[in-house]
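These notes concern the structure reproduced below.
The values are calculated or read from the model by the stated rules, or taken from the named source; none is laboratory data. If you're wondering where the values come from, they're calculated on a predicted model, not measured in any experiment. Every residue, glycine among them, receives a Cβ derived from its backbone with ideal geometry; neighbour counts consider all protein chains shown.
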Amino acid sequence: MTQAAVIEPRSGVLLTERQLASLQSAAAIHLTFNLTLACPLKCAHCIVEAGPGLRHTTMPVDVARHYAGQMPDLYEYGIRLVSFTGGEPLLAREQLEILSAAAAAAGMTCGVVTAAHWAVSEHVAARVLDGLPGIQIWDISIDAYHEPYVGIERVRTAYQTAKARGREAVLRFAHHEPMTERDRELKAFMLSFAEESEICAQKVRSVGRASDLPILNSTDDSTFAKPCLTKGLVIRYDGSMAPCCISLVEERRHPFQFGDARSRPLTEIHADYMAHPLLQMLRVIGFGPVMQWLEEAGVSRESLGPMPEDVCDFCPKIVTNPQWAEYLAQRASSPENRLKVGILARNFLNEPGMLQRAVKEFQDQGKQIEGFELAARLANHGADPAEEDRGCASR
Ligand code: SF4
Ligand code: SF4
């Protein structure tokens, strides 16, 4: 199966196969903590519906300490990048300090996504940055929906102060598609002090508070061939988890459940995440087989309504239906499918973990499975796709 041309969801750039694989690989080394849904702002496009009245959602400090104690294990396991989001993560200041200091001490790079309400002056912004020495990457949000709450001058102050203190600053710009006049003005404002490469643009999503925004529909079947581009597992403030920081970030009805992060080692959870048959199938193949399985179960494409252009607009239509999610997760868990997806993840994303886990499990159970010999040979042969033939038809 061949994948459709894939556009990077933030920059809008058409990706080569190598760039696509590199983007997809982020999930293997990246972990996000959503610290709170509290936020001094109440933006009309907020995908997690954050706001000032949600302080009760904030991750308790002792839970943050519990996660912080696991940072050396996470580094050893392979996590290299830890992100903090919310809400406004700087409202959970103590938790942010504890977690980022522990992650940085363990050797990981830390990033935070913030609306920069705190950058009231250079002096105050410098104090905030100096108080969080473990955070190297500062993602500063700017768009037409933040503007009524945080003047764009504060964005510039936060950006310039971060740069002056040797940190990496990224301007996270949510825009309409096509861009409005104000979107274009904001982009020009950013370009007056930042490089184009420092602007991380993404379209405003019809999720959360903006769920009534129109969705761009596809004119063909290409959506099915696009892969899930999750940047990795999200640990929420309450110990629950999300498979991505996009359309399912605050959604509870999905099949990607890994228990309670407060009572399981994070390394174990992440290993389960990277071996989840349905999720990994969506990452390496896309939604084509999923749609085919649904059709075999009597669900017509027409009954799903117009097909969105963006796979993250399509995904919730499928995975938030409990019956469909259970059926799909079950089919994806068949031994043959686990081996096939495991081989693809190993060969295309350089992620051998799922395959190695499946091979060991089936070996221990003495199961006879078609294609097992090839799978076992690949699983025992490390992770370099160049070493072996690709093993499966191209994606
Ligand atoms: S979009 Fe960001 S800044 Fe705005 S309410 Fe949501 S979390 Fe807060
Ligand atoms: S919404 Fe679905 S397809 Fe998009 S990143 Fe999340 S899990 Fe993947």
* To do: State whether the residues of segment 120-143 include one that is more than 14 Å from Leu90 (Cβ to Cβ), buried (at least 20 other Cβ atoms within 10 Å of the Cβ) and at pLDDT 95 or above.
  => yes
* Structure fact -> Those residues of segment 121-161 that are within 16 Å of ligand 1 (Cβ to nearest atom), free of Cβ contacts under 8 Å to residues at least 60 places away in the same chain and either outside any helix (DSSP H, G or I) or under 20 Å from Thr32 (Cβ atoms) (or both) come to a total of 8
* To do: Mind counting the residues in segment 274-301 that are surrounded by fewer than 16 Cβ atoms within 10 Å (Cβ to Cβ) and either at positive phi or assigned to a helix (DSSP H, G or I) (or both)?
  => 4
* Asked: For segment 162-217, how many residues meet the condition of being of a type outside the set (A, V, I, L, M), part of a loop (DSSP other than H, G, I, E, B) and closer than 21 Å to Gly151 by Cα?
  -> 5
* Structure fact -> Expected single match for of a type in the set (Val, Ile, Thr), out of contact with any His (no Cβ under 7 Å at 6 or more places or on another chain) and near ligand 1 (Cβ under 9 Å from one of its atoms) among Ile29, Ile47 is Ile47
* Asked: Looking at segment 234-254, which of its residues are among the charged types (D, E, K, R) and crowded, with 22+ Cβ neighbours inside 10 Å?
  -> Arg236
* Looking for whichever is buried (at least 23 other Cβ atoms within 10 Å of the Cβ), assigned to a helix (DSSP H, G or I) and within 15 Å of ligand 2 (Cβ to nearest atom) here; the options are Leu355, Leu328, Leu344. Which one fits? => Leu328
* Asked: Does Val150 count as crowded, with 19+ Cβ neighbours inside 10 Å and either under 20 Å from Leu191 (Cβ atoms) or within 16 Å of ligand 2 (Cβ to nearest atom) (or both)?
  -> yes
* To do: Quick one: in segment 294-323, of everything that is more than 28 Å from the chain's Cα centre (by Cα) and among the hydrophobic types (A, V, I, L, M, F, W, C), which residue is nearest to ligand 1 (Cβ to nearest atom)?
  => Val299
* Search segment 356-373 for residues that are within 12 Å of Pro335 (Cα to Cα) and modelled with pLDDT under 95 and pair each with any residue that is among the charged types (D, E, K, R) and outside any loop (DSSP other than H, G, I, E, B) when their beta-carbon atoms are under 8 Å apart and the residues are at least 6 apart or on different chains. => Ile369/Glu336; Glu370/Glu336; Gly371/Glu336; Gly371/Lys340
* Of all residues in segment 237-286, which are closer than 17 Å to Thr58 by Cα and β-branched (Val, Ile, Thr)? -> Val249
* **Selection status of Gly86, at pLDDT 95 or above, under 30 Å from His176 (Cα atoms) and under 19 Å from the mean Cα position of the chain (by Cα)** => yes
* Structure fact -> Among the residues of segment 34-89, the number that are hydrophobic (A, V, I, L, M, F, W, C), assigned to a helix (DSSP H, G or I) and buried (at least 16 other Cβ atoms within 10 Å of the Cβ) is 5
